[in-house]
Structure formats: structure tokens, C-alpha cells
Amino acid sequence: MKEGVTQKNAKLVRTLVFVVLGMFGFGYALVPLYDVLCEVTGLNGKVESSAVKEVSYEVDKNREITVEFMTALNEATPMVFRSEINKIKVHPGEYVTVNFYAENKTDKVMVARAIPSISPGAVAEFFKKTECFCFSEQTFKAREGRTMPVRFVVNPEIPKEYKTITLAYTFFDNTETSVK
Amino acid sequence: MSAVVAEHDDHHDHGPAKGLLRWVITTNHKDIGTLYLLFALAMFFVGGAMAMVIRAELFEPGMQFVNPQFFNSMTTMHALVMVFGAVMPAFVGLANWMIPMMIGAPDMALPRMNNMSFWMLVAGVLLLASTLFMEGGAPASGWTLYPPLVLQTGKALPFAIFSVHLLGISSIMGAINIIATIFNMRAPGMTLMKMPMFVWTWLITAFLLIAIMPVFAGAVTMLLTDKFFHTSFFDAAGGGDPVLYQHIFWFFGHPEVYVMILPTFGVASTIIPVFARKPLFGYSSMVYATASIAFLSFIVWAHHMFTVGMPIAGELYFMYATMLIAIPTGVKVFNWTATMWKGSMTFETPMLFSIAFVVLFTMGGFTGLMMSVAPVDFQYHDTYFIVAHFHYTLVPASVFILMAAGYFWLPKWTGHMYDERIGRLHFWLSVVSVNILFFPQHFLGLAGMPRRIPDYAVQFADWNMISSIGGFIFGASQLLFLYIVIDTIKGGTGEKVTDEVWEDAAKHSLEWTLPSPPPYHSFTTPPTVIPTEHI
Amino acid sequence: MKKTKQLFAGLILMAFGLGTAQAEYTLNLMKGVTKVSNDIYDLHMLILWVCIFIGIGVFGTMFYSIYHHRKSRGHKAAQFHENTTVEIIWTIIPTLILIGMAIPATKAMMELDDVQESEMSIKVTGHQWKWEYEYLDNGIHFFSSLDEASNKVRQVGSGLDPRSVPNYLLNVDKPLVIPTKKKIRFVFTSADVIHSWWVPDLGWKKDTNPGFINESWTSVDEPGTYRGQCTELCGKDHGFMPIVVIAMNEPDYNAWVEKQKAAVAAEAGSASKQWATEELVAKGKSVYETNCSSCHMADGAGLAGTFPAIKASKVVTGDINAQVKLMLDGKGMMPAFGKMLSPVDFAAVVTYTRNGLGNSVGDSIQPSAIQTLQSATPAAGKNE
């Protein structure tokens, strides 16, 4: 009987330790899960981080959606960054290209990354970009400034209630971390 | 397995080891329980001293005593010390003392691991406390440790994170031990549905701990690698998201607050029937309610983040799920009331604290219900209203029940009776001052005072002063508890306590069939009669 | 002691329901000045009454029982311990109450969430520890920090009386001005850590997340001044970054917009004039107190281990151009002030740090020189 308890304990402890390890792994699994969830539900306005193929949609001439552009710089990111236009009215299904201008204000090479965010988050799945400077880190030579295009389309399947979309980019100076 | 049951026949003659070393090497559940309880009591005063600093600074508008950075460290450390150093260890201490005696077991299932988890707790808390003296100060980002703010912590960050790891491992080991004890060490005839409520609630709590502590450990590890190894789990610059941390944290954090309240329910369900001289009303529905509260705690986390910017579907889902918690919680409160109904009540100190718990916890529950409503939470969130809410569910709930447990079982543990007059004085001072302390904070929050601010606009001055006065009285009153504990250990009133201590208590639970104090090794032969009055 | 006496007098008055003498006390949630905030208030009151009603029932029963069913009154304990009917009833009734609450709550939530069809947009950026506002439609752009009077009083051990400052800790140097009766959309983001923008009278708060945007909206009916604070712990001066929103009638608002545009032009003019070192030092002192003293401390001593001292600093006593560059671009936790300060303020604070706070380098820099450097650095996010 005594031996029985010891063995039962050992078995139970083993099981529970597996549960613990499993839950530790689950914590990490939440990271990709969250990204999937974000893409599906538009949680927190995360946008797809890679280009989609340009497919043609039927342009819905009866609807107009205002797309506003916002630019921001994280603290201590010495750059100039602006969009060429404030906002644009687009028909769902039509492809539009908008230019952004970014300039390195330092005398050193800078690696910066633009992080996109879209609001309302629920429209993220209908907002497709075929070209964007945010898909990868951008390297700027000292004092270099350049114009970068974003090409996008709003999927005509977007629900009727959405009339304004805000697209924001925040540049982060990643020079230090990407040296490696 | 190296840790096995220390159950050999020759142990009958062994008493505790001599001298101080006894406490270092002990594997006896009663000794370890005592260590946990005393350590928790000490940390209760350390965390309380930090609260006194906070209330002193907030006594009047203007900055009088500490700089804002230190103030933030105080709110952070107060929370961490109280949660991980005081309340959780106190319940583990109670579990250590009571679970083996309640289920008729000779000791915990894994006694050596038991010793290790206690000392790891001490190491973790000491490490945490040491960050106070480091360059850049202790963590000052709130106990939730949100990035990116927490990454601005000075030298203390890796130490604080390592301390969280230690505390986590300690809790996990404690939880494994409790599950193993309950599953494998019950006396013959002690079926699961005959176990006292305290054992039940701890069983469920232990499973919560095993599920959530590793997730928290993972989250803080991600913070660590984000800071030092260029990962970007939570850093937007590398494609991460700071809000993700909040999701992971609260996936841990919401069950975590139930880790502190479920054993509280268990103790209340143990004490009230004894003093009402009636069986607990609805034993099985209490078990199911506890289990459903535990389950719901895993699916409501984002109600801590209504204002973080979620899509409407998320807001609504988390609102509905959170509102559901009111149902099993309501069942508990109704059952306690029904247990008192038509009883034959007496009002010794443990009962007084338990009744205060039911009333004041319910008030915390009401404000919780109010905050579950997402649009209204857009006003309440991160104000003193939430500060009042969670302190109502922690201080006059968990802490009061820990006091009640102290008064209830001290005579059993020591064989001495505490001084009932001082006990009641302690109760009345506590219950009045705790309301002076926290009730005005509802008004402050509604009037627009954010939480975690070291200084405030003058229209908040009066209620803050009242709250601080309540805080000082509450803090000072707890010294009475310290006095009573010491006095009772030393002999108390000198009155000889019976095995039962409280009238007919032995009908409710096994520990009252043992002598007071119980022998160093109890139930080396399992009990034959299982009390069933409590079900 | 006089204050304590007043306090007790106040308490007693309140106990008798004569709260009028204490108009300053607010016990309940504010109704606010928007439709949404009023809906939220109604919802708050509904749930409050539900809770009070249930509370009276439960506590009433409990205290009746405590009074009557006690041993000292000779009450004998009944032995019932189960009643399925009762348990089903007290599960179903709360469920129904919850459903009744969920319906209006859902409606209010949908309303709060509907940012579509707004008439103007304002971008709000949280900084440690100030707010940045940018009107996306007309390009007006400024920073808003704690007002100087509050800032002096709130220093540790200042010994100054907070009651002497009107709207202590709830006042800013430049308030956000909005027109009434217009649906205004706010877009939130942050340049460093997470903040949260809350004006109770508008009925909501919203977090500002670095790298991400959030939206919310308001429409204020009555002109007035509405005050709020940051509500997400954002570091040392979390308690010292208030929000002031002034709602104006359409004509007043338009006049304000014109004035802002004129001020920008005037600022440009004063930047081109030649300033004396003393003038710059004098102006720089107040710029320092508003923008720098929260980290580097009012006396320039800094905070060991976290914020470097200004006094005898290598940067400040070294090459002036290096100092200017560091301040323009920022470094680590030090924000890039190039986009936050006007040329005059910038030149003034540089000159002040070099010739005040225990330093005496003796040199100065002209606003015009700063302007040249800044001109290549237009304010972040400006689209013109």
C-alpha cells in the first residue's frame, strides 16, 4: 500500500510537470496565435506584413471610401517622415498609389522600420497592399531622403458601414538592433 | 522520484529536530505550514509599510515625502509583496497545516519538495526586495509589468524577473504537492465529495496555479529577451505588439486573482457552518460554483483591457463572459446566507471576520459587476474605483478570512486559547477602518482620480485624507493581531482548550478529532470515521 | 488642525444630506457633456440601483438572520442543507437580471465604437510626459504639458500650497480646442510607452499604443472647459500630464484657428531677430521648467542612475553644436526636442542650460540658427 502511494505520486507528479511545461509552451504559442487572431479579427489594427498579388476587383463606382494617412516617429528616431497627401477618396476595388517621403537626419547610416497600423481594425482584412516600404527594414544613407510608394486596394466586399479608414505608419530606428 | 512520503513506522517516536536547524531542514507539514504563515505575516507588515508610505504621500495634495519614481516603486512593490509574499503564501501555509489533517493523511505527499518550495519563496521575495536598493530603483511599472514602460527599469529588471521565476516555481511546486496530497493521501472513506470545502477550493486553486504560473513565467521571460537579446515579442519596432503582453499577462492575471479568492471561499465555507451550528447549505453546488468560477476565469481576461483598443466583437464577448461570473459568485453568497439562516449562531472572532467577509466581498463583487459592463468601464478603468474594487475583494475578503482562519485554528495549532476580547477589538477596529480606508476611494474614482498617481488635484483632497486616516488606523490595528498571535503561542489566556475547541466542530472536519495541539505526526493510522456534517 | 475640523464638519453635513456646503465633493460619476457620456451615466446608475437592490435583499436577510437566529436568543439550529428549488431560483433570477443589463450595455458599446462619418480628425500622441495634438484637417500642431504654476508646486518638498494654484495639476500650457456640435474623431498613438487619454466629461478613455493607432470620437454640445488626466501608468511623471479640452462655438473656434496660424507666422518673425544672451537665459528658464525639469530636476541635478545632471555636464559645457544636435535628435529616453520646441524656445533653453543651473560657459545660440537646423526637420507627421 505504501509503495502504491509512492508510485502513484511519482506518476502524478510526472503528469503535472508535463502540464506545467505544456503551459509554459502555451504562453509562447500565444504569440503566433495572437498574430493569427489579429489577422482574422483585425484586433489592434495589425495589418498583413507581406505583399499580396495584384488581382483585379470589380470597381464599385457607387461607393467612396476616404483613406486617411498618418505618419509618426517613435521617440528618438531622427527622421523626417510624411505622406504626400493627407487623405484620398477611393472606390472599392480600384488600385491607388500614394507616396511617402522619409529622410535620415543623421550623419550615419540608419536602418529603420515602418510599422503599419490600421483603424478601424475590422477593415484590415479588406485592405490589401501590393507594395509597401513597411514590408521590410529600410536602410538610409547619411542624410538620405527618398520617396516611397504604397500601392493598395480596398476589397469591394468591405461592409457598407465603413466610410473612413485610417492608415498609420510609425518609423522606428532599428539601427542598433539590426547591426547584428 | 526523489521526493517520497516520509512515512515509516519508526517515525512515531521522532519529534522535531532540535534547535534552529529544525526549521531549515524540516519536512513536516505542520512546521512548513508554520513557516509559511509566519513568513506571510512578516510580508503582510512589509507590504503594509509600503502602503503606509503611499497613503502618507497621498494624505495631502502636493509632494511631501517621496519622489514620483519611488512612489511608483512603492505601488509596484506593495502589490507584488502582498500578492506573492503575503496572501498566496498564507494560503499555502494553511493548506500545509490543514489539508493533511482534514483528509486524514499523515503528511503532505512530497515533503522534501515542500521544504524546497518554501525556501525558494523566501529566496524569491528577498531577491525582489533587494531591487529596492539597486541603481535606478525597484521596478516602478506597476505589478502588471507592462512593456514598454517596464523595459525602462534600471538595473533591477533582470533581478525582478528572476525573482518572479523563483516565486512561480515555488507556487507550482506547492500546487503539485497539494494535488498529489489530495489525490493520493486521503484516508479510506474520504471520497472527493466528502472533502471539506477548504480542501476542494485548494484542489481547484492548485490546478489554476499549474495552468497559469508557467504562462506568467513565459511572459516575463519574453520581457527579458526583448530587453537583452533583441527579440521583439512586445516591441512594435521588430513587428511585435505591446498589447500582446497584456493579453498574456491577464491570461495569467485573472485566474491569479482567483487563486487568492478561491481558498478564501473555502475557509469561509468551513467557518460559517461551525458557528451557525448547521451544515453548509448546498455543498455540491458550492463545489460546482467554485469549479465554474475557475473555468470562467480563463475566458474573461481582456476585461482588464477594455480601453486598449479592441474590435467591438471582442469588447462585447469579454463583457458578456465577465457578467456570467456574477452567477456562480452569487450562488456562493446566497449559500452562505442560507447556511446562517435558522442557525444557532454565536459570534466569536472567526465568525465576525467571516460575516464581514461575506458582506464586504459582496460589495467588491457589486463593483466588479459594474465594471464588467464595457462602456461604463471606459469611465471606471484605471481610476480609484478599480483600486477600491480590488482592495474590497482582497483586504476585507482574503485578508479578513486569513485573520478568521488564524483565530479559528490558532487554538488547534498551539493548544492555547487567544484572548477573545482583544480579538473582537481587533475585528471592530479592522472592519471600521478598512471601510474608512477603501470606501471613499469609490468616490475618488468616480470623481475622476486616476490610480497610480503620487499627487492629485485639490478637489480630491478631502476623501484622500479620510482614506489615509482609515489606512493608518487599519495599519496600526494589525499590530493587535501580531500581539494576539505571539500571546497565543506563548500560552494565551491559559484556558485549557479541548480537542474540539469550538462546539461540535468535530462533526464538521477531521482536524478537530485530534488533540490540541496535534502531535507532530498525526494520522499515522488513518481515521476510521469521516465527519459528514459539512456536506 | 483646522483642516481636520472642516473635514469632520463636512462629513457631518453630508450625513444630514446637506451636501451643498461642499459643492466640490463629487460622490457619483459625472454625467459629462456628450450623448455617449450621458448614456454611460444612465447605464452606471441602472447597475448601481440593481446592485443596491440586490444588496438590500441579501444583507437584509443576513442581518435578520444574525439578529434572530442566534444562540444567545435560544434559537435552535435547523438542519436543512439543500433545496434544489431555491438554488435553481437564485441561479435563474440573476441570469435574467444580467440579460436585462446586457441589452442597454451592448447598445452603448456600439455607439461608443462608431467612429465613422466624423467631421474632423485630431491626432493625439502620448509622450513621456506631455501630449501632442495635431489637427489633421488644418495642420495646427502643438504640444500640451502641465502648466508652470502646478509644476512649481508639485516638486517634492516645494512647500508651496497646491490650493493656491487654480486647477492644480489639471491645467496645461496649451489646451486642446475643439468646436462644439461636431463629430470629432481622435486618433491615438504614442511615441514611447503606453499612455491613456481620459477626459471624464467626454465619457471614455483610450490607450495610446506605440506603433499602433486607436480611434474614438466625441461631439460636445455645450461650450466649456473639460479637464482630464493620463490614466495609464507611464513612468515617473504619469500623474503630471493633464489634458484640457476647451469646446468653443463654431465662430470662436474659427477665430482660434486663425489666431494659431498667425502665431506660427509671428513666431517665425521673432526667430529671425537677434536676441541678447540675458533675454535668452530669462526665457530659457521657464522653457526648462516646463520641458526639462521633470527628468533633469529643477536645479539641474538630474536623478542618479536614470537622468543625467545638467550641472557640469560634459555635453552642456562642451561644444554647443553637439549639444544642439543631441537635443534636436534625442537620445535614448531623451526625446527629440527638434520637433517639440519653437526656434526661440529651443535657443533659449540651450543658452539657459549653458549659463544657468550652475554652469557658466558664456556662449549662446540664436533662434535663427536653430531655425536653419530645424527647417530640415519639420514637425513629425506634418503633411504640408
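Points worth noting:
- Compactness of chain B is given as radius of gyration and Dmax, 22.8, 70 Å, from Cα positions.
- Note on chain C: with a GNM built from Cα contacts shorter than 10 Å, the maximum mean-square fluctuation among C:K339, C:K259, C:K174 falls on C:K259.
- Of the trypsin sites (Lys or Arg not before Pro) found in segment C:30-90, those that fall in a DSSP loop while having at most 13 other beta-carbon atoms within 10 Å are C:K76.
- Principal axis dimensions, largest first and in whole angstrom, of segment C:18-113 by Cα: 58, 40, 12
- Gyration tensor verdict on chain C (Cα atoms; rounded if a/c is under 1.5, prolate if a/b is larger than b/c, oblate otherwise): prolate
- Using the average count of surrounding beta-carbon atoms within 10 Å as a protection proxy, the listed peptides B:183-193, B:74-84 rank, highest first, as B:74-84, B:183-193.
- Label-point gap, in nm, between A:E94 and A:R151 - each point 7 angstrom along Cα→Cβ: 1.7
- Antiparallel bridges, percent of DSSP beta bridges restricted to the protein assembly as shown (to nearest 5): 75
- Per-q log10 I(q)/I(0), segment C:140-186, q = 0.29, 0.30 Å⁻¹ (Debye; single scatterer per alpha-carbon; no solvent): -1.05, -1.09
- Relative to the longest principal axis of the Cα atoms of chain C, the long axis of helix C:84-113 makes an angle of roughly 30 degrees.
- Average accessible surface area per residue within segment C:273-376, 1.4 Å rolling probe, Å²: 41
- Within segment C:120-265, percent of DSSP bridges classed antiparallel, to nearest 5: 70
- Close amide H pairs (under 5 Å, H built 1.01 Å from N) link C:T208 with C:H195, C:S196, C:W197, residues at least 5 positions away or on another chain.
- The alpha-carbon atoms of segment C:83-198 define a convex hull whose volume equals 225 cubic angstrom per residue.
- Crossing angle, helix B:283-296 versus chain B [Cα axis fit, 0-90 degrees, rounded to tens]: 30
- Counting, for every residue in C:180-191, the Cβ atoms of other protein chains within 10 Å of its Cβ and taking the mean gives 3.
- Under Karplus coefficients 6.51, -1.76 and 1.60, residue-wise ³J(HN,Hα) of segment B:147-161 in Hz, glycine/proline x: x, x, 4, 5, 6, 8, 4, x, 4, 6, 3, x, 5, 4, 5
- Modelled FRET efficiency - R0 35 Å, C:K31 with B:T493, Cβ distances, 0.05 increments: 0.05
- Solvent-accessible area lost in complex, 40 Å² minimum, residues of segment A:65-105 relative to chain alone, 1.4 Å: A:E68, A:M70, A:T71, A:L73, A:E75, A:A76, A:R82, A:N86, A:K105
- Inter-chain Cβ neighbour count for B:172-185, averaged per residue, equals 4 (cutoff 10 Å, partner chain atoms only).
- Note on segment C:120-265: the C-alpha convex hull projects to 8.9 nm² when averaged across all orientations.
- Area hidden from solvent between A and B (accessible, protein heavy atoms only, 1.4 Å, total, Å²): 3000
- Calculated mean residue ellipticity at 222 nm for chain B: -21500 deg cm²/dmol, from DSSP H runs with n ≥ 4 weighted as -39500 (n - 2.57), summed, divided by the residue count and rounded to 500.
- Distance violations [Cα-Cα > 31 Å] among B:K18/B:K507; C:K181/C:K259; C:K259/C:K314; C:K283/C:K314: B:K18/B:K507; C:K259/C:K314
- Furthest towards positive pole of dipole, C:V86, C:F59, C:G100, structure part chain C, Cβ charges: C:F59
- Selection from C:H75, C:M120, C:L373, by position along the positive dipole direction of chain C (Cβ): C:H75
- Förster radius 22 Å - calculated FRET efficiency between B:V432 and B:Q64, Cβ distance, rounded to 0.05: 0.25
- Shielding by partners - mean other protein chain Cβ count within 10 Å, residues of C:295-304: 1
- Across q = 0.13, 0.17, 0.20 Å⁻¹, segment B:246-388 modelled as identical point scatterers on its alpha-carbon atoms has Debye log10 I(q)/I(0) values of -0.61, -0.94, -1.17, in the order of the q list.
- Packing-based order for C:318-329, C:342-353, B:499-510, using average beta carbon neighbours within 10 Å, highest first: C:342-353, B:499-510, C:318-329
- Peptides C:271-279, B:450-458 ranked from most to least packed give B:450-458, C:271-279, packing being the mean of other C-beta atoms within 10 angstrom over each peptide's residues.
- Rg in Å to one decimal, and Dmax rounded to a whole Å, for segment A:42-160 via C-alpha atoms: 15.3, 50
- Its Cα centre serving as origin, segment C:120-265 has a Cβ charge dipole (Lys and Arg +1, Asp and Glu -1) of approximately 60 debye.
- Helical mean residue ellipticity (222 nm; -39500 (n - 2.57) per DSSP H run of 4+; nearest 500) of chain C: -14000 deg cm²/dmol
- Summarised in one figure, the compactness ratio Rg/Rh of segment B:350-468, Cα atoms and Kirkwood Rh, is 1.08.
- Helix C:277-291 axis versus longest C-alpha principal axis of chain C: approximately 20°, rounded to the nearest ten.
- Convex hull of Cα atoms in segment C:273-376, direction-averaged projection (nm²): 5.9
- Cα principal axis extents for the protein assembly as shown, largest first, Å: 95, 72, 56
- Here the sum of -39500 (n - 2.57) over DSSP H runs of 4 or more residues, divided by the residues of chain A, equals -8500 deg cm²/dmol at 222 nm, to the nearest 500.
The values are calculated or read from the model by the stated rules, or taken from the named source; none is laboratory data. None of the values given here were measured: they were computed from a predicted structure. Cβ sites come from the backbone with ideal geometry, for glycine too, and all protein chains shown count toward neighbours. Please note that ligands, DNA and RNA were not included when accessible areas were found on the heavy atoms of the full protein model with its side chains. Shrake-Rupley method; radii C 1.70, N 1.55, O 1.52, S 1.80 Å.
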